[in-house]
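To keep things clear, I will list the structure first and then write my remarks on it.
We did not get these values from a lab; they are worked out from the coordinates using the rules stated. Because the structure is a prediction, the values reported are computed rather than measured. Using ideal geometry, Cβ is built from the backbone for each residue, glycine included, and neighbour counts are taken over all protein chains shown.
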Amino acid sequence: MSTSIKQGLGLLFMIVILGSCQDIQDEASFDLSYPAYFPEPHYQFGKNKLTKDGFELGKSLFYDPIVSRDSTISCSSCHFQGHAFADHNSTLSTGIDGLKGVRNSPAMFNLAWNTSFMWDGGINHIEVMPVAPITNHVEMDETMAKLVAKLRSNAKYNAYFKQVFGNNTEVDDQQILFVLAQFMSLLVSDNSRYDQFRKGLVEFDEEENAGYLIFKKYCTQCHAEPLFTDFSFRNNGLEFKNDDFGRQKVPLLDDDFMKFKVPSLRNVEMTYPYMHDGRFRTLKMVLDHYSTSLVPHENLDPSLKNAGQIGIPLSENDKEKLLVFLKTLNDYTFISNPLFGE
Amino acid sequence: MKYFNFIIVLIIFSVLGLSSCKKEETVTTKTSGDVGLDIEHVWGSAEEEFILNKEYTHPLTNDKMTFTIFRYYVSNLRLKSTDGTWFTQPDSYYIVDLGTDETFLSIPEVPGGEYTDIEVTFGVDSLHNVSGAQTGALAPSNSMFWSWNSGYIMLKAEGISPNSLTGNFIFHLGGFMGENKVQTTKTYNFGTTPLVIDGNREAEIHLVANPAKLWHSADNLATKSSMTIPGVIAKTMSSTFYNGIKFDHIHN
């Protein structure tokens, strides 16, 4: 036997042994993908290893009422794919025992780019996000400890979790939160007419273009492209209602009075009603708010004051064009993608 | 002879290959041992034994208080060796819970040697308040986590009191950012005799905590019987309590 053959054989042997430690290859190719004009996602998964199985398990939990105390409410009860994972167009969502919350369910997409969660940004990480609805008494009213116990004693889930995390592990909070974060992070909406325009696949018509120009003039200070939010908190001049102080409760600063997270306007036509409490039923009402009904709160955002006037100067014609442009943000591929469906 | 060499090469390679599968290797020196950190709880200046479900009178506010829950985080334990270097316990998070008598914390596998100080963080470091889903003592299922305003509840004290207008009191103290951050790091020196770890003895460090100190600069229960958000009150109450935790003794 020549030395080179011997070395070759030895090497082969080593590769086989090393290879046996590696996870199955095609798992690795399952990844968060997005267009080149999107920024880097904020969530980088870290210790949470993204796999197809993990994503699928997260999806099962998202659609399964087992997560709630009495198995009546699932995440999808309030976050419906057909409305870009906003509620079924109700103003305030209905949770367990028919109880109502105080805020409108936001849509769910491009969450891996969110720097915080909830209308007031109180939640600082996508992985801990589900703890809030799961334990909220008017939403799912379950404890994390009981949910862990339920899933451990459920044969299907017990096996499913072991398939994802390994046979010598037991379901725990972190595993539940990891797979839900995998599902939520992969909800990418990037195929609206606007995206096709950005990719050079279509051209905007005259009205869309005119609307786009008005939008860039007055709206992108907050609803910044390409995600249509800059993730900041602003007071956009809504009337104070129902004791909802917005972000003020969070770090307890008065300057935060009535500041809410700038929502993305992707898919906005499908996510009515609008604002943190769903007070406006139509986009036309939203535009009327910006042009004529702003409340001059002391901390009203400066970009909503133009030439000493409060409000955005929009003619009825401007509003029509804006509405045409906003429709280009609908992503029909996203709301019908079977990868995200039940 | 040639074949013998070849087999040796194969064995070496396969051993290398196999060992590279192991995620981590634990280096355990022969003399390493566990250290116990025992936190004894006492009440007021008389320092009587503090337990749940027993009525105490607060020496300053005169409130009668019966505690039903008393739990708090202790983290990032470190031991200073006589040569000046520090042993930092990896993944060091505990909940001290008077409800389950978990007041004796075990620090496993401390390298053999002599130690002069222990460093303790009361509360949870800010990094772990912003790092997503955690396990063990930091799992949200311990109900020491605020879901609506992410962050750990560093200390929970609840109970009943005839002096409170509602009949009970609820203090969930926390907040990890800015000037009202609650977590506090303290170092306790053991004095003249060092703590010895040589694998042959049960080394223990004893601290004494006094829950009455929460109300050393706080309103009485008639004025304020609940606080469940971060802020200056949480900061004041937790710091009087943490600062009152003192070193008692060690034994080797």
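Charged neighbours of B:G159, selected by a Cβ distance under 13 Å, balance to +1 (K, R count +1; D, E count -1).
Each residue of the stretch A:331-342 is assigned a 3J(HN,Hα), and the resulting list reads 10, 6, 4, 4, 6, 10, 5, x, 4, 9, x, 5 Hz, derived from the Karplus form 6.51 cos²θ - 1.76 cosθ + 1.60 (θ = phi - 60°), x at Gly and Pro. Of all beta bridges that DSSP places with both ends in the protein assembly as shown, some 85 percent have antiparallel geometry.
Axis of helix A:283-292 versus longest Cα principal axis of chain A: the two differ by about 50°, to the nearest ten degrees.
Counting charges near B:P140 (Lys, Arg +1; Asp, Glu -1) among other residues having Cβ under 13 Å from its Cβ returns a value of -3.
In order along the stretch B:180-188, the Karplus-derived 3J(HN,Hα) couplings, from 6.51 cos²θ - 1.76 cosθ + 1.60 at θ = phi - 60°, round to 9, 5, 8, 4, 9, 9, 10, 10, 10 Hz, and Gly and Pro are given as x. Against the main long axis of the alpha-carbon atoms of chain A, helix A:3-19 sits at an angle near 50°.
By how many degrees, between 0 and 90 and to the nearest 10, does the Cα long axis of helix B:232-243 differ from the longest principal axis of chain B? Once rounded, the angle reads 60 degrees.
Take each residue in A:142-149, count the other chain C-beta atoms within 10 Å of its C-beta, and the mean is 3. Computed over chain A, relative contact order equals 19 percent, with contacts defined as Cα pairs under 8 Å that lie 6+ residues apart. Averaging the sequence gap over all C-alpha pairs within less than 8 Å and six or more residues apart, then dividing by the number of residues, gives the stretch B:33-251 a relative contact order of 26 percent. Shielding value for B:149-155 is 4, the average number of Cβ atoms from other chains within 10 Å of each residue's Cβ. Lysines within cross-link reach of B:K64: Cα-Cα under 30 Å, excluding same-chain residues under 8 positions apart? Cα-Cα hits under 30 Å: B:K54, B:K156, B:K181, B:K213, B:K224, B:K235, B:K246. With viscosity 0.692 mPa s and temperature 37 °C, the Kirkwood radius over alpha carbon pairs of the stretch B:33-251 converts through Stokes-Einstein to a diffusion coefficient of 182 µm²/s. Amide H to amide H distances under 5 Å link A:D230 with A:A224, where only residues 5 or more positions off or on other chains count and H is placed in the peptide plane. Under 5 Å from the amide H of B:N149 lies no amide H of any residue 5 or more positions distant or on a separate chain, with H modelled from the backbone and absent for Pro and chain starts. Comparing mean-square fluctuations of A:M144, A:M258, A:M118 from a GNM of chain A with C-alpha springs under 10 Å, the top value falls on A:M144.
Counting, for every residue in A:133-140, the Cβ atoms of other protein chains within 10 Å of its Cβ and taking the mean gives 1.
Ordering B:A218, B:Y188, B:N200 by Cα displacement along the dipole of the stretch B:173-228 toward the positive end leaves B:A218 in first place; charges were set at the Cβ atoms of Lys, Arg (+1) and Asp, Glu (-1).
Converting phi to 3J(HN,Hα) with the Karplus coefficients 6.51, -1.76 and 1.60 and the offset θ = phi - 60°, the stretch B:35-52 yields 10, x, 10, 9, 10, 8, 10, 10, 10, x, 6, 6, 6, 6, 4, 9, 9, 6 Hz in sequence order, with x at every glycine or proline. Per q in 0.08, 0.09, 0.11 1/Å, what log10 I(q)/I(0) does a Debye calculation on the alpha-carbon atoms of the protein assembly as shown return? Scattering profile of the protein assembly as shown, log10 relative to I(0): -0.73, -0.88, -1.15. Going by neighbour counts of Cβ atoms within 10 Å, the residues A:E56, A:E298 line up, fewest first, as A:E298, A:E56. For the stretch B:196-252 and the stretch A:229-278, write down the distance between their C-alpha centroids in whole Å. The distance from the Cα centre of the stretch B:196-252 to that of the stretch A:229-278 comes to 39 Å. Within the straight-line cut-off of under 20 Å between alpha carbons, the aspartates and glutamates reachable from B:K80 are B:D34, B:D38, B:D91, B:E109, B:E114, B:D117, B:E119, B:D125, B:D198, B:E202, B:E204, B:D248, sequence neighbours fewer than 8 places apart in one chain being disregarded.
Helices in chain B, meaning DSSP H runs of at least 4 residues, each add -39500 (n - 2.57). Divided by all residues, the mean residue ellipticity at 222 nm is -4000 deg cm²/dmol.
Ordered from longest to shortest, the equivalent ellipsoid semi-axes for chain A are 42, 27, 17 Å, each the square root of 5 times a Cα gyration tensor eigenvalue.
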